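Read through the structure below, which is laid out as structure tokens, and then see the notes.
The values are calculated or read from the model by the stated rules, or taken from the named source; none is laboratory data. Being a predicted model, the structure only gives us computed values, none of them experimental. Counting neighbours? That spans all protein chains shown, and the Cβs are built from the backbone with ideal geometry, glycine included.
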Amino acid sequence: MFSVNEPVEIYSVFPVVMFKNQKNVEIFVHAFPIPDNSVLACVVHEFDILGVKIEDGGNTYVKCVVPSYEAIVNSASATNPVPSSGEVEILIKTDNQIFTEEGVTFKFLDTNQVNDITPLNGPDTGGTIIRIELDIDQTEGDIGDVYCIFWNTETIVAVGLPPYHFHCTTPELDTSI
């Protein structure tokens with residue numbers, strides 16, 4: 001039996017970054033429409049990751065677990081390697097076919113200056129305090145402002161005790177993105 005699915009529109013991904021040394025990070029791709037009873041996958045720069053449909057407050061998401069930066073890099077073809085910037089595109093597959101017209105950007109970050117960020121997720125209503133611990137050599141001097149970026153657009157200057165500990169409070173989830 002042959003069926004034609006309509007294109008899946010991707011609105012956002014959360015989180016939008018993952019550190020290169022992290023493993024098994026859950027990502028949530030906000031997309032619509034996500035067909036019922038279909039096999040779902042997040043495609044992270046050519047790497048297929050089995051996904052699960054989640055419905056929350058009238059929104060639909062595909063939840064996938066990114067195994068590691070190394071897995072993504074090792075799966076990339078020689079003609080399309082992962083860019084040195086760490087930025088990759090995420091698409092959605094339904095029943096082993098890509099039905100997204102445009103993906104969203106996801107970035108793998110170096111960890112040479114970040115010791116820890118906790119927690120990695122929180123409620124859609126916002127208000128979660130994100131703690132950032134930096135690994136800065138005291139001889140480097142002033143590192144300038146530290147920023148938290150939410151939903152690819154909302155930037156908040158982190159506050160705290162420079163040069164090592166900062167925090168940001170998450171805003172409410174922007175479902176219009």
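Residues checked against (1) outside the structural domain of GLU89 (by TED's automatic domain parsing); (2) at pLDDT 65 or above; (3) within 30 Å of VAL82 (Cα to Cα):
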{"position": "GLY122", "(1), (2), (3)": "yes, yes, yes"}
{"position": "THR128", "(1), (2), (3)": "yes, yes, no"}
{"position": "ILE136", "(1), (2), (3)": "yes, no, yes"}
{"position": "TYR164", "(1), (2), (3)": "yes, yes, no"}
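Might you let me know whether the range 103-118 holds any residue that is surrounded by fewer than 12 Cβ atoms within 10 Å (Cβ to Cβ) and within 20 Å of PHE150 (Cβ to Cβ)?
Taking every residue of the range 103-118 in turn, at least one turns out to be surrounded by fewer than 12 Cβ atoms within 10 Å (Cβ to Cβ) and within 20 Å of PHE150 (Cβ to Cβ).
With respect to THR79, determine if the residue is of a type in the set (Val, Ile, Thr), surrounded by fewer than 15 Cβ atoms within 10 Å (Cβ to Cβ) and over 30 Å from TYR164 (Cα atoms).
Values: of a type in the set (Val, Ile, Thr): yes; surrounded by fewer than 15 Cβ atoms within 10 Å (Cβ to Cβ): yes; over 30 Å from TYR164 (Cα atoms): yes.
In short, yes.
For the range 8-51, a residue qualifies if it is over 22 Å from ASP174 (Cβ atoms), out of contact with any Lys or Arg (no Cβ under 9 Å at 6 or more places or on another chain) and either of a type in the set (A, V, I, L, M, F, W, C) or outside the structural domain of SER84 (by TED's automatic domain parsing) (or both), and the qualifying residues are PHE19, VAL44, PHE47, ILE49, LEU50. Taken residue by residue, the range 72-89 has at least one member that is in contact with a Phe, Trp or Tyr (Cβ under 7 Å, 6 or more places away or on another chain) and closer than 20 Å to ILE149 by Cα.
What number of residues within the range 22-43 satisfy the criterion of being farther than 17 Å from PRO119 by Cβ and polar (S, T, N, Q)?
Final tally of qualifying residues: 2.
Total residues in the range 12-33 satisfying the condition of being closer than 17 Å to LEU91 by Cα and either modelled with pLDDT of 90 or more or not aliphatic (A, V, I, L, M) (or both): the figure is 11.
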